[in-house]
């Protein structure tokens, strides 16, 4: 019987790639997505398409109101920063940072894992071509894993939780290359933080610029 | 200006005591409660009364669907175990354990803390007269605090999160004694995991039995 794994699936380029990696490793996938008050809730439509395309065993969409905690451009009317080019990204943690978002998402993934006796959680964080979010760094992931292994009944029973971060040291270009090698259809993904009404990408937020750079470095067209 | 603190407030005896302790220490309190699919959602009414009585600055009630992850008697139709006396409690982790519940609650508390620039989180866990939940143990709390201090933008900016667990080494009797000394009105709290339609306690779940033992050891009547 295939080992079960939880996959945090946003509907973006990174989590779609992680999906393909975990599936290639033979895991039975249980996907977890969140409707958290994000302005780009359109991404959930992409998550659903990916689930269908990859015949994922189960997909849970959890509603959590992160807009209750103010401060992020992704969950409020604070404007999403736009740039002319990817070179303008970096330095400060941007206003698109959502307080404790990955901590909350991984905590739900832990509950999901325990409820189906899965020991493996996959998340598509990466700390190279990224926006500088603290909860994408390897030291955060390690600390979360250590905490998770003290948090649950399964940990008391000697079962170890592993947080898999296969993209952590990859550039966006390397992620896309890896995904293309595994047959990922990136037209089923979206990255934009601030899409238009019909889901069309803005082209100038951090996520759009990093995505464009990744495709450009692979010399291929982004068909999304 | 008073230092801000987040208080995880269930409406139970323990969190009411922590409220009084934190308020006596001079914190400006921001309370956080959860409607998580618990069969004893009645406890939220008590949380609201405590907030009113203690003139808490702010109270957020977050809805999270922990019933989406099966396995707990508190969020499903699995019966809550009943006992004749407190002596029957202990040994195995009971079926009232909710997978990763305190991890999820503390993660939201972390988001709340960061959004209002608070560095202090209070939670009423205790590891003596308790049901044996893994996420009530000091080693879990320490690991969560370590993780929290790598998770957020405020941690990158050098601000330290502290998880306060003033009850961690207290018996239920000691908790009640402490609370009575601070003037806590325990008639505004509830502990039962499986209350009747009007909120009346069952008298035989772990929480009821531990509460009764605590009052008996103080030689006082529980007026709740």
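The values are calculated or read from the model by the stated rules, or taken from the named source; none is laboratory data. Nothing here was measured: the structure is a model prediction, and the numbers come from that model. Cβ: placed from backbone, ideal geometry, glycine included. Neighbour counts: every protein chain shown.
Could you go through segment A:161-178 and let me know if any residue there is facing chain B (nearest Cβ under 8 Å), surrounded by 20 or more Cβ atoms within 10 Å (Cβ to Cβ) and either at pLDDT below 95 or not in a helix (DSSP H, G or I) (or both). Write out each step before concluding.
From segment A:161-178, those facing chain B (nearest Cβ under 8 Å) are none; that's our starting set.
Looking for residues that are facing chain B (nearest Cβ under 8 Å), surrounded by 20 or more Cβ atoms within 10 Å (Cβ to Cβ) and either at pLDDT below 95 or not in a helix (DSSP H, G or I) (or both), one finds none in segment A:161-178, hence no.
Here the condition is being at pLDDT 95 or above, part of a helix (DSSP H, G or I) and touching a strand residue (DSSP E or B) at 6+ places or on another chain (Cβ under 8 Å); of A:10, A:15, A:33, it holds for A:15 alone.
Tallying residues that are without any contact (Cβ under 8 Å) to a residue 24 or more places away in the chain and on the phi > 0 side of the Ramachandran plot within segment B:132-178 yields 1.
Yes/no matrix, rows are residues, columns are (1) farther than 20 Å from residue B:141 by Cα; (2) touching a helix residue (DSSP H, G or I) at 6+ places or on another chain (Cβ under 6 Å); (3) buried (at least 22 other Cβ atoms within 10 Å of the Cβ):
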| position | (1), (2), (3) |
| --- | --- |
| B:9 | no, yes, yes |
| B:24 | yes, no, no |
| B:33 | no, yes, yes |
| B:61 | yes, no, no |
| B:68 | yes, no, no |
| B:88 | yes, no, no |
| B:95 | yes, yes, no |
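Here residue B:70 meets each of (1) within 12 Å of chain A (Cβ to nearest Cβ); (2) at pLDDT 95 or above with one exception, condition (2). Just to be sure, is residue A:28 modelled with pLDDT of 95 or more, more than 28 Å from residue B:148 (Cβ to Cβ) and more than 18 Å from the chain's Cα centre (by Cα)? Here the answer is yes, as residue A:28 does meet what is asked.
Is it true that residue B:77 is surrounded by 20 or more Cβ atoms within 10 Å (Cβ to Cβ) and not in a helix (DSSP H, G or I)? No, not satisfied. Scanning segment B:39-55 for residues that are in a loop (DSSP other than H, G, I, E, B) and free of Cβ contacts under 8 Å to residues at least 40 places away in the same chain returns B:41, B:54, B:55. Residue A:207 fulfils the conditions (1) touching a helix residue (DSSP H, G or I) at 6+ places or on another chain (Cβ under 8 Å); (2) over 22 Å from residue B:140 (Cα atoms); (3) at pLDDT below 95; (4) not in a loop (DSSP other than H, G, I, E, B) except for a single criterion, (1). Based on what the data block shows, is residue A:61 at pLDDT 95 or above, more than 8 Å from chain B (Cβ to nearest Cβ), in a loop (DSSP other than H, G, I, E, B) and farther than 24 Å from residue A:169 by Cβ? Criteria not met by residue A:61.
Hey, any hits in segment B:98-110 for a residue that's closer than 18 Å to residue B:206 by Cα, part of a loop (DSSP other than H, G, I, E, B), touching a residue at least 12 places away in the same chain (Cβ under 8 Å) and touching a helix residue (DSSP H, G or I) at 6+ places or on another chain (Cβ under 6 Å)? Checked against the condition, which is being closer than 18 Å to residue B:206 by Cα, part of a loop (DSSP other than H, G, I, E, B), touching a residue at least 12 places away in the same chain (Cβ under 8 Å) and touching a helix residue (DSSP H, G or I) at 6+ places or on another chain (Cβ under 6 Å), segment B:98-110 yields at least one hit. Within the group A:178, A:160, which residue is touching a helix residue (DSSP H, G or I) at 6+ places or on another chain (Cβ under 9 Å) and closer than 12 Å to residue A:17 by Cβ? On inspection, the qualifying residue turns out to be A:178.
Restricting to segment A:179-194, what's the tally of residues that are under 27 Å from residue A:55 (Cβ atoms), under 17 Å from the mean Cα position of the chain (by Cα) and surrounded by 14 or more Cβ atoms within 10 Å (Cβ to Cβ)?
Here is the first cut: in segment A:179-194, the residues under 27 Å from residue A:55 (Cβ atoms) are A:179-192.
Next, from what is left, pick out any that are under 17 Å from the mean Cα position of the chain (by Cα): A:179, A:184-192.
Imposing the further condition that a residue be surrounded by 14 or more Cβ atoms within 10 Å (Cβ to Cβ) reduces the set to A:179, A:184-186, A:188-192.
Matching residues across segment A:179-194 total 9.
Sort through A:149, A:219 and tell me the only one that's over 20 Å from residue A:10 (Cβ atoms) and assigned to a helix (DSSP H, G or I). Exactly one of A:149, A:219 is over 20 Å from residue A:10 (Cβ atoms) and assigned to a helix (DSSP H, G or I), namely A:149. Number of residues in segment B:138-157 that are surrounded by fewer than 24 Cβ atoms within 10 Å (Cβ to Cβ) and touching a helix residue (DSSP H, G or I) at 6+ places or on another chain (Cβ under 7 Å): the value is 9. The residues of segment A:111-131 that are free of Cβ contacts under 8 Å to residues at least 60 places away in the same chain and at the interface with chain B (Cβ under 9 Å from one of its Cβ atoms), listed by number, are A:111, A:114, A:115.
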